[in-house]
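Engineer: Let me give you the structure first, and then I'll get to my questions.
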Amino acid sequence: MLGLKLPTDPRWVNIVEGNIQEILTDHAYCEQKAASNAISTIVKFPEYPDVVKAMTEIAIEEMEHFGMVHAKIIERGLTLGKERRDPYVVDLINHMNGKYGGGPKENQFVSKMLIGAMIEARSCERFKILSEEIQDDDLKKFYWDLMESEARHYTTFLNFARQYGGNINVEERWQEFLAFEASLMEKYGKKETMHG
């Protein structure tokens, strides 16, 4: 359903299990960044009322998820670490901007939607792996519950790219982006972070 071309190496879960505080901290900030992305989309593209409505809902939901992850951190006697850079997301943005950046607002909109869709797709896949493979039963259920909303966000972003793509061949661009992301994933899946 997600269309990802290269699955995460299942050994990634073993790395995660070695540092639960790190994965939870990284996950919390991923949720915060997703909320910030939804807000910046509203600011940049206020002319689409349905996009504004959907991004408002996503921003609220992502911050609720941040709160849930933070509560899980506290519940385990851990503390939220410092925010960190997400090299995977930086690589996606650099690729999309380098290949399709600038130009008409419609082009910028499609790029932003496809980047959002890709991040949500990979996050959803990682949540699924955690819900199936992690030994911690509490986190198994936690990630299963969160997986559904990530999948919903993925389709929201992709559908908006298709809806407002105009003359852009969105399907072709998405397939190219999926191929790039698969090549990118060869260097990820080696750290106890959500996309690392």
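Engineer: So, of the residues in the range 70-94 that are under 24 Å from Leu139 (Cβ atoms), of a type in the set (Asp, Glu) and within 22 Å of the chain's Cα centre (by Cα), which turns out to be surrounded by the most Cβ atoms within 10 Å (Cβ to Cβ)?
Structural biologist: Taking the candidates together, the pick is Asp86.
Engineer: Something else about it: Hey, can you tell me all the residues within the range 41-66 that are assigned to a helix (DSSP H, G or I), surrounded by fewer than 19 Cβ atoms within 10 Å (Cβ to Cβ) and more than 15 Å from the chain's Cα centre (by Cα)? Steps first, answer last, please.
Structural biologist: Applying the first criterion (assigned to a helix (DSSP H, G or I)) to the range 41-66 yields 41-44, 49-66.
Cutting the leftovers down to surrounded by fewer than 19 Cβ atoms within 10 Å (Cβ to Cβ) gives us 42-44, 49-50, 52-53, 56-57, 60-61, 63-64.
Scanning the range 41-66 gives Ile42, Val43, Lys44, Pro49, Asp50, Val52, Lys53, Thr56, Glu57, Ile60, Glu64.
Engineer: Considering every residue within the range 71-79, establish whether at least one is outside any loop (DSSP other than H, G, I, E, B), in contact (Cβ under 8 Å) with a residue 24 or more places away in the chain and of a type in the set (Asp, Glu). Break it down into steps so the answer makes sense when it comes.
Structural biologist: Keep residues of the range 71-79 that are outside any loop (DSSP other than H, G, I, E, B), which gives 71-75.
In the following step, the residues that additionally are in contact (Cβ under 8 Å) with a residue 24 or more places away in the chain were identified as 72-73.
Applying the additional criterion that residues be of a type in the set (Asp, Glu) yields none.
Taking every residue of the range 71-79 in turn, none turns out to be outside any loop (DSSP other than H, G, I, E, B), in contact (Cβ under 8 Å) with a residue 24 or more places away in the chain and of a type in the set (Asp, Glu).
Engineer: Does the range 24-36 contain any residue that is surrounded by 15 or more Cβ atoms within 10 Å (Cβ to Cβ), free of Cβ contacts under 8 Å to residues at least 40 places away in the same chain and not in a loop (DSSP other than H, G, I, E, B)?
Structural biologist: Within the range 24-36, one or more residues are surrounded by 15 or more Cβ atoms within 10 Å (Cβ to Cβ), free of Cβ contacts under 8 Å to residues at least 40 places away in the same chain and not in a loop (DSSP other than H, G, I, E, B).
Engineer: On to the next question. What's the number of the only condition in (1) under 27 Å from Phe66 (Cα atoms); (2) modelled with pLDDT of 95 or more; (3) touching an Asp or Glu at 6+ places or on another chain (Cβ under 8 Å) that Tyr164 fails to meet?
Structural biologist: Result: Tyr164 fails condition (1) only.
Engineer: If you check Leu92 against the conditions, is it more than 20 Å from Phe45 (Cβ to Cβ) and either in contact with a Phe, Trp or Tyr (Cβ under 9 Å, 6 or more places away or on another chain) or in a helix (DSSP H, G or I) (or both)? Full working, then the answer.
Structural biologist: On the way: more than 20 Å from Phe45 (Cβ to Cβ): no; either in contact with a Phe, Trp or Tyr (Cβ under 9 Å, 6 or more places away or on another chain) or in a helix (DSSP H, G or I) (or both): yes.
Taking the combined requirement at face value, the residue does not satisfy it.
Engineer: Let me confirm something: among Lys141, Lys187, Lys191, which residue is surrounded by fewer than 20 Cβ atoms within 10 Å (Cβ to Cβ), basic (Lys, Arg) and farther than 25 Å from Ala35 by Cβ? Lay out the reasoning, then the answer.
Structural biologist: Numbers: Lys141 fails: farther than 25 Å from Ala35 by Cβ; Lys191 fails: farther than 25 Å from Ala35 by Cβ.
The unique qualifying residue is Lys187.
Here is a yes/no grid of residues against (1) part of a helix (DSSP H, G or I); (2) among the acidic types (Asp, Glu); (3) within 28 Å of Arg11 (Cα to Cα):
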{"site": "Glu132", "(1), (2), (3)": "yes, yes, yes"}
{"site": "Asp145", "(1), (2), (3)": "yes, yes, yes"}
{"site": "Ser149", "(1), (2), (3)": "yes, no, yes"}
{"site": "Phe160", "(1), (2), (3)": "yes, no, no"}
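Engineer: When residues of the range 95-131 are filtered for being surrounded by fewer than 16 Cβ atoms within 10 Å (Cβ to Cβ) and either at pLDDT 95 or above or touching a Pro at 6+ places or on another chain (Cβ under 6 Å) (or both), how many remain? I'd like the intermediate steps shown before the answer.
Structural biologist: Residues of the range 95-131 surrounded by fewer than 16 Cβ atoms within 10 Å (Cβ to Cβ): 97-99, 101-106.
Still in the list and also either at pLDDT 95 or above or touching a Pro at 6+ places or on another chain (Cβ under 6 Å) (or both): none.
Summing the residues that are surrounded by fewer than 16 Cβ atoms within 10 Å (Cβ to Cβ) and either at pLDDT 95 or above or touching a Pro at 6+ places or on another chain (Cβ under 6 Å) (or both) in the range 95-131 gives 0.
The values are calculated or read from the model by the stated rules, or taken from the named source; none is laboratory data. Every value quoted in this text rests on a predicted model; they were computed, and no experiment measured them. Cβ coordinates were reconstructed from backbone atoms using ideal geometry, including for glycine residues, and neighbour counts include every protein chain displayed.
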